[in-house]
Amino acid sequence: MTMFRQLDPLANAGPWKKATKRGVKSFTISEEQYARVEERRPELIAEYEESLVMGRPYRDYLEVHYAFPEVPWFREGFKLLFGHVTEAASKEETPRGIVLAFRDRPNRPLAEQLFWESAFEEGKHWVECDFNAVPEQPEPASELEGGYRVREATASDREAVASVEAEASGQPRLTDAGLDGVFENSRWLYLIEDADNKAVGWLGMRREPAGWAMIDDVHIVPDEKAKLFGPAMRWASGFLRNNGGRRQRRRVNLDDTQDLATLREIGFMPGESGVDYVRPTSQEDIDVKVEERQAHGTLIKFGDWR
């Protein structure tokens, strides 16, 4: 008699692959990004059996990702594993704090409680805009409408990248480690200059499997944003289409209504939405926040999806 047994398709898979298949997760880190953390900062990956919480330093933030097999594991294990990750992270490498891009929509009530107890606060709401079938088109020229020019960034452009990012984000200038991460994460890093050869923006882009291309970073100084965002995004979409990006994705904050409208005009459509939860890195700042909450005496509701 022939006997059949069910095979576990993840039996020989690595931690990253297993995490992407867990039922309770906010885990969007790429395999390449995971491998980089695993090689250089393994202490930022906290695992217990089938559960995982990890931190990835990027742009002077600590991005937090998690994956658990079921709700009880999440309830019992998140704060413990998250604590191991934050103990391993230093304020020097993540001076802008911690951010968790939350998309685990079915488990939001439980997550809100766990995040509250872990000193997180609700940040920006966002949506991932997808262009699922980018049409073929000629390679875009380096000149943009309005007298701007796009060129590939080099190591000599580090100061220009940091200056534009600080002005566009309103955050302190990137540290050397933060700049290293930007150059390393981007498969393509392009600087945008005005007619006077002054840097006014930059684009950080990369490729993922199945023909996907991610526009991770779009930073434009405020005085040029209204004129430059549309031409820059059309250039980026055309460039990526000619470099294997048949499908493209850009995450946008929901309060950036003009950016959303521009992306729709190009062909992007709103997809998955979520919200950032943020908190400081230093224990001193966290203690102050916890004391304030204890004095307040109530649990603040975090709002709802838009």
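Whole Å is fine, so just give me how far the alpha carbon centre of the range 167-240 lies from that of the range 100-129.
Cα centres, the range 167-240 to the range 100-129: 26 Å.
Roughly how many debye, to the nearest 20, is the charge dipole of the range 156-228 about its Cα centre, given +1 on each Lys and Arg Cβ, -1 on each Asp and Glu Cβ, and no other charges?
240
Over the range 34-190, give the accessible area per residue in Å² for a 1.4 Å probe, as an integer.
47
Arrange the residues R250, R40 by how much accessible surface each exposes, largest first, with a 1.4 angstrom probe.
So the residues, ranked largest to smallest area, are R40, R250.
P(r) of the range 110-157 in 10 Å steps, Cα pairs, percent per bin?
With 10 Å bins starting at 0, P(r) equals 15, 20, 24, 19, 21, 1.
For the modelled label position 7 Å from the Cα of T28 along Cα-to-Cβ, which residues of the range 64-98 have backbone nitrogen atoms closer than 16 Å?
64-67
Angle check, please: helix 108-117 long axis (alpha carbons) against the longest principal axis of the chain (alpha carbons), in degrees 0 to 90, nearest 10.
Taking Cα atoms only, the helix is inclined about 80 degrees.
Grab the Cα-Cα distance for R207 and R105, subtract it from 0.36 nm times how many residues apart they are, and report the gain in nm with one decimal.
34.1 nm
Treating the angle as unsigned and between 0 and 90°, give the value, to the nearest 10°, between the Cα long axis of helix 257-266 and the longest Cα principal axis of the chain.
Helix 257-266 sits at roughly 70 degrees to that axis.
Please report, in whole Å, how far the alpha carbons of the range 45-172 spread along each principal axis, starting with the longest.
Answer, in whole Å and largest first: 56, 39, 26 Å.
Leaving ligands, DNA and RNA out of it, report the carbon-plus-sulfur percent of the accessible area of the range 1-136 at a 1.4 Å probe.
49
Calculated from DSSP H runs of 4 or more alone, at -39500 (n - 2.57) each and per residue, what is the 222 nm mean residue ellipticity of the chain, nearest 500?
Per the formula, -11000 deg cm²/dmol.
How far apart, in nm, are the 7 Å Cα→Cβ label points at S169 and H125?
2.4
Tell me which GluC sites (Glu not before Pro) from the range 43-84 have a DSSP coil assignment and no more than 13 other beta carbons within 10 Å of their own.
Answer by residue number: E49, E70.
Please list, by residue number, every one of the chymotrypsin sites (Phe, Trp or Tyr not before Pro) in the range 32-81 that is coil in DSSP and has at most 15 other beta-carbon atoms within 10 Å.
none
Take every Cα-Cα pair in the chain and report what % of them are more than 27 Å apart.
For the chain, the fraction of Cα-Cα distances above 27 Å is 47 percent.
Would you mind checking the tilt of helix 222-241 against the longest principal axis of the Cα atoms of the chain, expressed as 0 to 90 degrees and rounded to 10?
Rounded to the nearest ten degrees, it is 80.
Across the chain, how many lysine pairs, 8 or more positions apart or on different chains, have C-alpha atoms separated by under 23 Å? Please give the number.
Lysine pairs satisfying the spacing and distance rule in the chain number 19.
With each pseudo-label sitting 7 Å past Cα toward Cβ, what's the A133-K91 distance in nm, one decimal?
5.3
The values are calculated or read from the model by the stated rules, or taken from the named source; none is laboratory data. All figures in this text were calculated on a predicted structure; none of them were measured in a lab. With ideal geometry, Cβ positions are generated from the backbone for all residues, glycine too; neighbour counts draw on all protein chains shown. All accessible areas refer to the heavy atoms of the entire protein, side chains included, with ligands and DNA or RNA removed. Shrake-Rupley method; radii C 1.70, N 1.55, O 1.52, S 1.80 Å.
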